[in-house]
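Peer 1: I have a structure here, written as structure tokens, and I will follow up with some questions on it.
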Amino acid sequence: MAVALITGITGQDGSYLAELLLSKDYKVVGVVRRSSTSAFERIEHLLDDITTVQGDLHDQGSLLGLLEEYRPTEVYNLAAQSFVPTSWNQPALTGDVTALGVTRMLEAIRFVDTKIKFYQASSSEMFGRVQEVPQSESTPFYPRSPYGVAKVYGHWITVNYRESFDLFASSGILFNHESPRRGLEFVTRKITDGVARIKLGMQKELRLGNLKAQRDWGFAGDYVEAMWLMLQQDQSDSFVIGTGETHSVREFCEIAFGHADLDYKEYVVKDERFYRPAEVDLLISDPSKAYSVLGWEPVVGFKELVTVMVDEDMERLSTGTK
Ligand code: NAP
Ligand code: GDD
């Protein structure tokens, strides 16, 4: 039986990846960091089918122990301090988890079993002040946040262990991907949650930062399929995963508010607190390598993504479910 160990299983992507791997008959082991409250909101429905274990990317021993005990065939390293603004307030912690945490997992694999296949969750945030449009696997990185800098380290240490120790270590350079399970502080979910609250009379306005920023937004459920495909190849490699389209935060607002018969201009208030010290203005992927090598393509388009997220937030808030 294939055994997958997922770090970050309580996060957006971890929950979709666990569902995908269960549907493929994997034994799924999810690494959860110790907390005084439960972080199982996104995987509550999976708890009977997966094994959750305590571990932390800060702690080398816990990773070694987990690989020894569960002997996974595949490790998906999705755990990170993943919110870009927090990375300016907690840059050292971000580097410790998001950068060095990758090395700790790679070291654990090197010591326990070099046959384990490894997936690293790299990010389009590494392109930062973009050096090329669109961005592909060969576009130089120019990160604009401590998070982006940490992800560049995570990407290159993955490539380095692939080349130095012959590990099967793949890096997925994923552009922004969203879903109704997205954290509420990320702009897409902040908008769809805000739209639902305004429509239901629970909130009067929505305070946002830079509406001009452009992102290549896809659906998280489609992107976890690409992660799995990367580990089914004959050789490990790096792949850009995105839709090849870009849209502004303003466009996202227009569609999200419009879907609830509201005009965003009447509710969105610009707030300096949500501007960043250094912005990533434009991201747009060239995913042609993934299309041709992995045979992967996104299914859910931009408008469908936005409207589904609004609908789910309306449903959640109007029925009082979580
Ligand atoms: P997310 O929802 O923020 O989930 C992050 C996960 O990491 C959570 O399960 C969190 O646990 C866990 N975690 C944080 N610190 C940890 C530590 N020290 N030890 C163990 N686990 C820890 O992120 P996501 O959107 O699912 O993204 C998954 C990965 O892809 C991340 O590495 C992210 O940086 C990367 N990525 C995301 C996108 C995107 O658009 N979503 C794009 C490119 C790359 P708690 O639940 O306990 O907080
Ligand atoms: N969060 C947030 N809140 N962002 C805002 C706001 C706001 O109120 N107003 C405007 N924005 C703009 C940000 O300035 C940024 O340009 C854009 O919306 C997207 O912000 P986020 O949704 O926070 O995502 P991100 O692009 O910074 O980072 C996400 O995508 C990366 C991949 O490119 C995260 O998921 C990262 O973990 C991921 O690596």
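The values are calculated or read from the model by the stated rules, or taken from the named source; none is laboratory data. This structure is a prediction, so every number in the text was calculated from the model and none was measured. As a convention, Cβ positions derive from the backbone with ideal geometry for all residues, glycine included, and neighbour counts pool all protein chains shown. Please note that ligands, DNA and RNA were not included when accessible areas were found on the heavy atoms of the full protein model with its side chains. Shrake-Rupley method; radii C 1.70, N 1.55, O 1.52, S 1.80 Å.
Peer 1: Once both labels are modelled 7 Å past Cα along the beta-carbon direction, what's the residue 22-residue 58 spacing in nm?
Peer 2: Modelled inter-label distance: 3.0 nm.
Peer 1: Beyond a 18 Å Cα-Cα separation, which of these cross-linked pairs lie in this structure: 24/115; 151/303; 212/270?
Peer 2: Working: 24/115 20 Å; 151/303 29 Å; 212/270 12 Å.
Beyond 18 Å between Cα atoms: 24/115; 151/303.
Peer 1: I want to verify a result. In a Gaussian network model of the chain, Cα cutoff 10 Å, which of these has the top mean-square fluctuation: 35, 124, 285?
Peer 2: 35
Peer 1: Run the dipole for the chain about the Cα centre, Lys and Arg Cβ at +1, Asp and Glu Cβ at -1, nothing else charged, and hand back the magnitude in debye, nearest 20. Could you put the intermediate results ahead of the total?
Peer 2: Numbers: 33 positive and 46 negative charges, 156 e Å.
In total the dipole reaches around 740 debye.
Peer 1: Divide by every residue of the chain the summed helix terms, -39500 (n - 2.57) for each DSSP H run of at least 4, and state the resulting mean residue ellipticity at 222 nm, rounded to the nearest 500 deg cm²/dmol. Walk me through the numbers on the way to the answer.
Peer 2: Working: 10 runs with 118 residues, N = 322.
Taken over the chain, the calculation gives -11500 deg cm²/dmol.
Peer 1: Here is a follow-up. Could you please put 309, 1 in sequence from largest to smallest accessible area, using a 1.4 Å probe? Mind showing how you got there, number by number?
Peer 2: Details: 309 0, 1 170 Å².
I get 1, 309, largest accessible area first.
Peer 1: Quick one: if the Förster radius is 30 Å, what FRET efficiency do residue 41 and residue 262 give, using the C-beta to C-beta distance and rounding to 0.05? Walk me through the intermediate numbers first.
Peer 2: Numbers: r = 28 Å, r/R0 = 0.92.
Calculated value: 0.65.
Peer 1: Considering only 177, 58, 155, give the residue with the highest GNM mean-square fluctuation for the chain, with springs between Cα atoms whenever their separation is below 10 Å.
Peer 2: 58
Peer 1: Give the percent of DSSP beta bridges with both residues in the chain that are antiparallel, rounded to the nearest 5. Before the final figure, lay out the partial values.
Peer 2: Working: 2 of 36 bridges.
Antiparallel bridges make up about 5 percent of those DSSP assigns within the chain.
Peer 1: Report, to the nearest whole %, how much of the accessible area of the chain belongs to carbon and sulfur atoms, 1.4 Å probe, protein only. Working shown, then result.
Peer 2: Values: 6770 of 14160 Å².
C and S atoms contribute 48 percent here.
Peer 1: Now for a separate question. Compute, for the range 214-322, the length of the dipole vector about the Cα centre, with Cβ point charges of +1 (Lys, Arg) and -1 (Asp, Glu) only. Units Debye, rounded to 20. Spell out each step's value before the answer.
Peer 2: Details: 10 positive and 22 negative charges, 58 e Å.
About 280 debye.
Peer 1: Here's another thing I want to ask about it. Using a 1.4 angstrom probe on the protein heavy atoms only, could you order 239, 186 from most to least accessible area? Before the final figure, lay out each step's value.
Peer 2: Working: 239 5, 186 35 Å².
Ranked list, largest accessible area first: 186, 239.
Peer 1: I would also like to ask the following. Quick one: ranking 27, 151, 212 by accessible area, 1.4 Å probe, largest first, what do you get? Provide the component values of the computation, followed by the final result.
Peer 2: Values: 27 70, 151 5, 212 150 Å².
Descending order: 212, 27, 151.
Peer 1: Find the centroid of the Cα atoms in the range 257-322 and in the range 136-197, then give the distance between the two in whole Å.
Peer 2: Cα centroid to Cα centroid, the span is 16 Å.
Peer 1: With every protein chain kept in place and ligands, DNA and RNA left out, what is the accessible area per residue of the range 113-178? Probe 1.4 Å, answer in Å².
Peer 2: Working: 2490 Å² over 66 residues.
Using a 1.4 Å probe on heavy atoms only, each residue of the range 113-178 averages 38 Å².
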